[in-house]
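Novice: One structure is given below, represented as structure tokens, and several questions about it will come after.
Where a number appears in this text, it was derived from the coordinates with a stated rule and is not lab data. What you see is a predicted model, and the numbers here were worked out from it, not measured in a lab. Here the Cβ positions follow ideal geometry from the backbone for every residue, glycine too, while neighbour counts run over all protein chains shown.
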Ligand code: GUN
């Protein structure tokens, strides 16, 4: 039976340290690190995520300001707001909650955010820096996944890692980060012919597809580490991951639960990136 990687507890510990760092920043500069969150439209999941980010900032000594824009907001209006925030001395981090409504080109918006305030790490400058070596600001979810894996104490160097899902937000940057840790990385996706073949030798499996329980224990190598990035809402209102937890926990040595695994760590990494951006801004 696998040991559960308690993301909630690990994130709480990280947040405790970040709170001290935020307090030190505030003492030195007479203002708190500041995060601006932009929410366009009223996607129910996005509203919950943004509320959770606001609450986490408040608890950690970060000043969060949320800009709620209507679903029919023009792209030019959104970009004008980002440009205003880019030049505000009180704002150290800018996050535009995704997905954006159809009339807005996501890539254009992400490119409008100053790379120095890009706490999501999605700007092409930061994505390119990550690919070449490392970026000051790296995407929160993959960064959180790496931290969670490291808490197990397993040696990453030389391990076979399989990442399922190739999104710009999670799968692709995570594959790069695992390679940086000297893993041998396989990036699987919807066109992968034989997922089972790749999983047979996988010491580390990260599932970031967004489909409920697409992976079960029968695919896994005994003793592997499983990181479940999925947050899927079922018709009965409950939330589950991309991994069938019970069967996977019988095979794996370590596994993250959903909820209480990657999710809390993503928020902790957002707080960390905001503090990194604030410290760099004032360095
Ligand atoms: N929507 C889902 N995940 C994310 C994320 O990590 N950042 C932003 N900005 N939006 C998201």
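Novice: So for the range 120-179, considering every pair of alpha-carbon atoms, how many percent are separated by more than 19 Å?
Specialist: The proportion of pairs with Cα distances above 19 Å equals 27 percent.
Novice: Here's something else I'd like to know. Which residue fluctuates the most in the chain, going by a Gaussian network model with Cα springs under 10 Å, if the choices are 53, 143, 191?
Specialist: Between 53, 143, 191, it is 191 that shows the largest mean-square fluctuation.
Novice: Still on this structure, please answer the following. Calculate the all-directions average of the projected area of the chain's alpha-carbon convex hull, and give it in nm².
Specialist: 14.7
Novice: Further question on the same structure: With label points built 7 Å along Cα→Cβ from the Cα atoms of residue 8 and residue 80, find their separation and express it in nm.
Specialist: Between residue 8 and residue 80, the label points sit 4.4 nm apart.
Novice: Continuing with the same structure: Express in nm, to one decimal, how much length is gained between residue 70 and residue 154 on full extension, taking 0.36 nm for each residue of separation and deducting their alpha carbon distance.
Specialist: That works out to 25.6 nm of additional length.
Novice: Select from 64, 252, 102 the residue whose mean-square fluctuation is largest in a Gaussian network model of the chain (Cα-Cα springs shorter than 10 Å).
Specialist: 102
Novice: To make sure I understand, if each residue's beta carbon is the centre and we count other beta carbons within 10 Å, what order do 207, 240, 183 fall in, fewest to most?
Specialist: 240, 183, 207
Novice: For the chain, with a Gaussian network of springs between Cα atoms less than 10 Å apart, report the residue from 93, 34, 16 with the top mean-square fluctuation.
Specialist: Highest fluctuation among the options: 16.
Novice: I'm checking a number: the convex hull volume of the Cα atoms of the range 9-159, normalised per residue, in Å³. What is it?
Specialist: 138
Novice: Here is a further query. Expressed in nm to one decimal, what extension gain is obtained for the pair residue 46 and residue 239 from 0.36 nm per residue of sequence separation less their Cα-Cα distance?
Specialist: 68.0 nm
Novice: For the Cα atoms of the chain, what angle does the longest principal axis make with the long axis of helix 7-29, in degrees from 0 to 90, nearest 10?
Specialist: Once rounded, one gets 20 degrees.
Novice: Full-extension gain between residue 197 and residue 280, please, as 0.36 nm times their residue separation minus the C-alpha to C-alpha distance.
Specialist: Stretched fully, the residue 197-residue 280 segment lengthens by 25.4 nm.
Novice: Enter the angle in degrees (range 0 to 90, nearest 10) between the Cα long axis of helix 140-151 and the first principal axis of the Cα atoms of the chain, meaning the one along which they spread out most.
Specialist: Relative to the chain, helix 140-151 is tipped by roughly 50 degrees.
Novice: Specify the angular offset, from 0 to 90 degrees and rounded to the nearest 10, of the alpha carbon long axis of helix 44-60 from the longest principal axis of the alpha carbons in the chain.
Specialist: Long axis of 44-60 versus the principal axis of the chain: about 70 degrees.
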